[in-house]
Every structure is written in structure tokens, then in C-alpha cells.
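Working notes for the structure below.
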Amino acid sequence: MYFSSLDTRIDDTIYKNLRLGFIWASKISLITLMLITIVIWVDFFNKENSNLLLTTVNFGIQGLLFVFGLVFFVQNKTLKHYKIISSIYALLFGTTWGGAIINLNNLGHAYVIVEIVGNLLFLVVLLSFYTYRMAVYLATLPILVFTTWYSIADPRFDLLFAFTKLAITIIIIESGRQLLFKWFTTRIKQEHENQRLLKQLAQLSFTDQLTKINNRRFFDFTIDKQIINAKHHRIPLSIILIDVDYFKRFNDTQGHVNGDACLKSVATTISRSLLRNNDTVSRYGGEEFVVLLPNTDINGARRVAERIKQNLATLAIIHPSSDINDYVTVSQGIATWEINQRPNQFINEADNHLYNAKEAGRNQYCSTKK
């Protein structure tokens with residue numbers, strides 16, 4: 001199971017939130033531009049104003065930018081250099097809105113409409129870009145500069161008022177950004193921790209507590225998936241059912257502590273005999289193990305069984321009560337999945353070959369002849 005680090009998860013989520021924020025900001029901006037354009041045309045319908053047509057054209061160009069942003073970010077894809085792209089878009093967002101504020105002022109609405117639009121934009125930027133500080137300020141600063149300038153230019157306000165308003169606005173934006181970002185990271189950390197705990201629980205539920213390899217539950221879960229995969233892709237699938245020869249005698253003569261140590265060693269040896277990451281071994285029950293070999297035909301499974309046999313011979317666990325060898329050996333039954341064969345039929349076939357291996361003298365493997 002893939003499990004990303006906390007930093008990676010936060011970084012990925014920051015981009016996803018930014019992408020949604022850009023989409024939302026673009027939509028709000030398009031709606032706002034459309035409403036402002038309608039209002040100024042209605043307001044100036046019977047008035048002569050040489051800046052009206054130019055303002056409308058500028059708004060149209062600005063609207064095209066937001067349409068482009070909407071189309072670009074609505075695509076659910078991960079951008080490699082998303083911070084650079086986000087910074088550029090945020091700067092264009094703030095700069096074009098700064099230009100729009102100039103045009104609105106030139107139309108004669110001055111401070112009132114500048115203040116209304118500015119406050120709306122600060123809210124949009126904060127809610128849309130809060131996960132990335134650079135984007136917040138690249139979008140905010142151009143708007144802050146122009147709204148502050150018009151505060152200074154308005155005869156009703158003095159210089160102290162303008163800079164006090166500027167400082168308070170920056171404090172509100174940064175405080176809001178930090179509060180939202182803290183909430184954002186806290187939620188991600190909680191989700192990350194929950195997924196980590198779920199992963200640990202899944203591992204525990206799929207792990208045999210004695211041998212530390214996969215357990216029967218894992219095998220039952222995985223074989224269904226592998227059969228579906230084999231059927232879908234038309235690839236072979238094999239299993240090896242393994243039984244430790246005369247293990248009851250080993251337990252009776254050597255003791256259960258040594259018996260447990262024997263099972264651990266056998267499990268480790270089988271696991272090390274599997275050379276591919278997708279090959280798995282599970283404790284099937286008692287002294288039985290089962291190896292699941294995706295994309296492996298009968299000949300490949302025989303090679304794995306031979307490797308297990310040789311590695312156990314090299315390990316040489318002393319077994320004085322065995323009738324066939326001075327060391328621990330195993331019998332193995334090999335089966336390859338047939339089309340439309342159910343899991344229980346597949347396992348029964350391997351079990352039948354395991355029985356044949358025992359009947360033939362143990363310390364060997366039997367399989368369907370193909």
C-alpha cells in the first residue's frame with residue numbers, strides 16, 4: 001500500500017486547494033466584472049464619458065484572463081512547478097484588478113466603489129489562496145497599493161488614515177491566512193494520522209503473529225484479487241501449498257518453543273526464496289504455508305518450489321524424529337489456475353498435489369503435468 005509522508009501529503013493538498021481556489025476566484029471575478037460592466041453602462045447610458053468604452057475593453061481582456069485560468073485549472077492534473085504557476089497567476093490576478101480599480105476611479109466613482117471592490121477582492125484572495133502565502137500577497141499587494149493611493153487622494157482622508165487602513169488590512173489578511181492555514185494543516189495531520197493508524201491495523205490484521213509473515217486472512221483476500229487480475233489480463237497464476245514434514249513429532253520431541261522457532265525459520269526461508277516483490281507467502285494454518293505467484297506458469301512455480309527445497313536443505317534445521325531426513329524438510333503441492341476455476345477449487349488442486357507429494361515419500365513437490 002502506498003503511504004505518502006506528511007510533508008508530501010501537505011504539499012499535494014496545498015496544490016489541490018490552490019487549484020480549487022483559482023477556479024473559484026476566477027468564477028467570482030467573472031461574475032463581478034460582468035455586474036460592474038452592466039452597472040457602469042446603465043449608469044453612464046445617458047452620459048458622455050470617453051473612458052467608458054476603454055474600461056469595457058479592459059474588463060473584457062481581464063475577463064479573458066479569468067476564463068483562461070478557469071479552463072486551465074479545472075483540469076484535474078498535477079503541475080510539476082505549481083508554485084511558480086500559482087505565483088504568476090496570483091500576480092496577474094492582483095495586477096489586472098488593480099488596473100480595473102484605476103478604470104473605475106477614472107469613471108468618477110472614486111473612493112466608494114474602489115473600497116467596495118477592494119474589500120471583496122481581499123476576501124476572495126484570502127479564501128482562495130490562503131494555503132500559499134506568496135500567492136496571497138502577490139494578488140493582494142497591487143490591490144492594496146491602488147486602494148491606498150485613492151485613500152490618500154481622497155480629500156476627506158488624511159495620510160495617517162490611509163496608512164492606518166493599510167496596516168490594519170495587512171494585519172487582518174495575514175491573521176486570517178494564518179488561522180485558515182493552521183486549520184488546514186491540522187486537518188491534514190489528523191487525516192494523515194488516521195490513515196497511518198488504519199495502515200498499521202491493516203498490517204496487523206494481515207500478519208501472522210508468530211512468524212511475522214502474511215496470515216490466512218491476507219491470502220484469502222489476495223487470491224481473489226489475483227484471480228480477477230489473471231482473468232482480466234489473461235496471465236498465469238500459480239500457488240504452492242507447503243507442509244513441514246513430521247512437524248508434530250518435532251514439537252513432541254523438541255518442545256513447542258523449538259517448534260515455534262522452527263516455524264519462524266521455515267517462514268523466513270520461504271520468504272527469502274521469493275525473488276519478486278509481488279510473490280507472497282502466508283501462513284495457511286499450523287505448519288502449513290501457501291505461496292502465491294502472480295504471472296507465473298507451472299514451470300516457474302516448480303523452480304520456486306525447488307529453490308525453497310534447496311534453501312531449507314542449506315538451512316539444515318536438525319530434525320531427529322524425521323523418517324526421511326536428519327533435517328527439517330517440506331512437502332509441496334503446486335497448482336496453476338485454470339479459466340473459471342473458483343478459489344476453493346484452485347486451493348483444493350494444490351492440496352491434492354501436496355497429498356501426492358506426501359504419499360510419494362515427502363521432501364518433494366508435486367504438480368499438474370504440463
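The values are calculated or read from the model by the stated rules, or taken from the named source; none is laboratory data. Please read all numbers here as calculations on a predicted model, not as lab measurements. Here the Cβ is made from the backbone with ideal geometry for all residues, glycine too, and neighbour counts use every protein chain on show. Ligands, DNA and RNA are excluded from the accessible area calculation, which covers all protein heavy atoms including side chains. Shrake-Rupley method; radii C 1.70, N 1.55, O 1.52, S 1.80 Å.
Every residue, every condition in (1) within 17 Å of Glu115 (Cα to Cα); (2) small (Gly, Ala, Ser); (3) touching a His at 6+ places or on another chain (Cβ under 7 Å), yes or no:
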site: Ala139; (1), (2), (3): yes, yes, no
site: Pro142; (1), (2), (3): yes, no, no
site: Phe146; (1), (2), (3): yes, no, no
site: Ile152; (1), (2), (3): yes, no, no
site: Leu180; (1), (2), (3): no, no, no
site: Glu193; (1), (2), (3): no, no, no
site: Leu201; (1), (2), (3): no, no, no
site: Ser205; (1), (2), (3): no, yes, no
site: Gln209; (1), (2), (3): no, no, no
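If we scan segment 329-337, do we find a residue that is part of a loop (DSSP other than H, G, I, E, B), in contact (Cβ under 8 Å) with a residue 24 or more places away in the chain and under 25 Å from Phe250 (Cβ atoms)?
Filtering segment 329-337 down to residues part of a loop (DSSP other than H, G, I, E, B) leaves 329, 337.
With the extra rule that they be in contact (Cβ under 8 Å) with a residue 24 or more places away in the chain, the set shrinks to 329, 337.
Retained after the next criterion (residues that are under 25 Å from Phe250 (Cβ atoms)): 329.
Yes.
Might you let me know whether segment 336-345 holds any residue that is more than 37 Å from the chain's Cα centre (by Cα) and open to solvent by less than 40 Å² (accessible area, probe 1.4 Å)?
Quick first cut of segment 336-345, residues more than 37 Å from the chain's Cα centre (by Cα) only: none.
Within segment 336-345, none of the residues are more than 37 Å from the chain's Cα centre (by Cα) and open to solvent by less than 40 Å² (accessible area, probe 1.4 Å).
Quick check: is even one residue across segment 310-326 crowded, with 16+ Cβ neighbours inside 10 Å and part of a helix (DSSP H, G or I)?
yes
Got at least one residue in segment 212-234 being more than 29 Å from Glu338 (Cβ to Cβ) and in contact (Cβ under 8 Å) with a residue 40 or more places away in the chain? Quick ask: steps written out before the conclusion?
Within segment 212-234, the subset more than 29 Å from Glu338 (Cβ to Cβ) is 212.
Then drop every residue that is not in contact (Cβ under 8 Å) with a residue 40 or more places away in the chain, which leaves 212.
The answer is yes, given that some residue of segment 212-234 is more than 29 Å from Glu338 (Cβ to Cβ) and in contact (Cβ under 8 Å) with a residue 40 or more places away in the chain.
So if I check each of Thr148, Thr140, which one is within 27 Å of Ala100 (Cβ to Cβ), part of a helix (DSSP H, G or I) and within 42 Å of the chain's Cα centre (by Cα)? Break it down stepwise before answering.
Working: Thr148 fails: within 42 Å of the chain's Cα centre (by Cα).
Criteria check complete, one pass: Thr140.
Listed here are the residues, each with its yes/no results for (1) modelled with pLDDT under 75; (2) exposed (fewer than 14 other Cβ atoms within 10 Å of the Cβ); (3) part of a loop (DSSP other than H, G, I, E, B); (4) of a type outside the set (Val, Ile, Thr).
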{"residue": "Leu52", "(1), (2), (3), (4)": "yes, no, no, yes"}
{"residue": "Phe66", "(1), (2), (3), (4)": "no, no, no, yes"}
{"residue": "Gln75", "(1), (2), (3), (4)": "no, yes, yes, yes"}
{"residue": "Leu79", "(1), (2), (3), (4)": "yes, no, yes, yes"}
{"residue": "Ile84", "(1), (2), (3), (4)": "no, yes, no, no"}
{"residue": "Ala90", "(1), (2), (3), (4)": "no, no, no, yes"}
{"residue": "Trp97", "(1), (2), (3), (4)": "no, no, no, yes"}
{"residue": "Asn103", "(1), (2), (3), (4)": "no, no, no, yes"}
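Would you call Leu166 without any contact (Cβ under 8 Å) to a residue 40 or more places away in the chain, in a helix (DSSP H, G or I), open to solvent by 100 Å² or more (accessible area, probe 1.4 Å) and on the phi < 0 side of the Ramachandran plot? Reasoning before the result, please.
Working: without any contact (Cβ under 8 Å) to a residue 40 or more places away in the chain: yes; in a helix (DSSP H, G or I): yes; open to solvent by 100 Å² or more (accessible area, probe 1.4 Å): no; on the phi < 0 side of the Ramachandran plot: yes.
No; evaluated as a whole, the condition is false for this residue.
Within segment 257-309, take every residue that is assigned to a helix (DSSP H, G or I) and charged (D, E, K, R) and give me the one that is surrounded by the fewest Cβ atoms within 10 Å (Cβ to Cβ).
Step one: list which residues in segment 257-309 are assigned to a helix (DSSP H, G or I), which gives 257-273, 298-309.
Checking which are charged (D, E, K, R) leaves us with 260, 264, 272, 302-303, 306-307, 309.
Working: Asp260: 13, Lys264: 15, Arg272: 13, Arg302: 19, Arg303: 11, Glu306: 14, Arg307: 16, Lys309: 19.
Applying the filter and picking the extreme gives Arg303.
Looking at the structure I just gave you, is Arg187 within 30 Å of Ala139 (Cβ to Cβ) and part of a helix (DSSP H, G or I)? Quick ask: steps written out before the conclusion?
On the way: within 30 Å of Ala139 (Cβ to Cβ): yes; part of a helix (DSSP H, G or I): yes.
Taking the combined requirement at face value, the residue satisfies it.
Does at least one position in segment 38-46 carry a residue that is surrounded by fewer than 17 Cβ atoms within 10 Å (Cβ to Cβ) and either modelled with pLDDT of 80 or more or closer than 22 Å to Phe122 by Cβ (or both)?
Looking only at segment 38-46, we keep the residues that are surrounded by fewer than 17 Cβ atoms within 10 Å (Cβ to Cβ), and these are 38-39, 41-46.
Of the ones still in play, those that are also either modelled with pLDDT of 80 or more or closer than 22 Å to Phe122 by Cβ (or both) are 38-39.
Looking for residues that are surrounded by fewer than 17 Cβ atoms within 10 Å (Cβ to Cβ) and either modelled with pLDDT of 80 or more or closer than 22 Å to Phe122 by Cβ (or both), one finds at least one in segment 38-46, hence yes.
Restricting attention to segment 230-252, which residues are in a helix (DSSP H, G or I) and surrounded by 14 or more Cβ atoms within 10 Å (Cβ to Cβ)?
Keep residues of segment 230-252 that are in a helix (DSSP H, G or I), which gives 230-233, 247-252.
Matches in segment 230-252: Ala230, Lys231, Phe247, Arg249, Phe250, Asn251.
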